[in-house]
1. From the phi angles alone, apply the Karplus equation (6.51, -1.76, 1.60; θ = phi - 60°) to the range 63-69 and give each ³J(HN,Hα) in whole Hz, x where the residue is Gly or Pro.
2. Expected output is a single nm value to one decimal: the length gained when fully extending between Lys29 and Val71, i.e. 0.36 nm times separation in residues minus the C-alpha distance. What is it?
3. Quick check: pseudo-label points 7 Å beyond the Cα along Cα→Cβ at Ala44 and Met87, how many nm apart are they?
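Values in this text are rule-based calculations from the coordinates and carry no lab data. Predicted, not measured: the structure shown is a model, and the values here were computed from it. Cβ atoms come from the backbone with ideal geometry, glycine included; neighbour counts cover every protein chain shown.
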Amino acid sequence: MTGDQLTTSDQLTTSEQPTTGDQLTPRKKSYEEKFAERLAKRQAGRAPLKEGKVFEHGPAKFVFMFIIGFVIVTHVAILIVMMASGMH
């Protein structure tokens, strides 16, 4: 069967459902679609990355190092308190 010979039931499953002449209201965009459009606009306005440049994740690196440092200092402090109180 070619595309011209589709039956009515085939046409309903392969294309949009028939309407009564009323225009359908436009579908509301989901949050993900809005977010993707905003992101695409922002990326389109950026200059392209230069060859050989490495993108540094400075803020994430700072937070990671702070957390690691905090954990190490906390462990050392707890160890000193435990040793001073006689619990080993």
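1. The phi angles translate into 4, 4, 5, 5, 5, 4, x Hz.
2. Details: separation 42, 0.36 × 42 = 15.12 nm, distance 4.40 nm.
That works out to 10.7 nm of additional length.
3. That separation, rounded to one decimal, is 6.1 nm.
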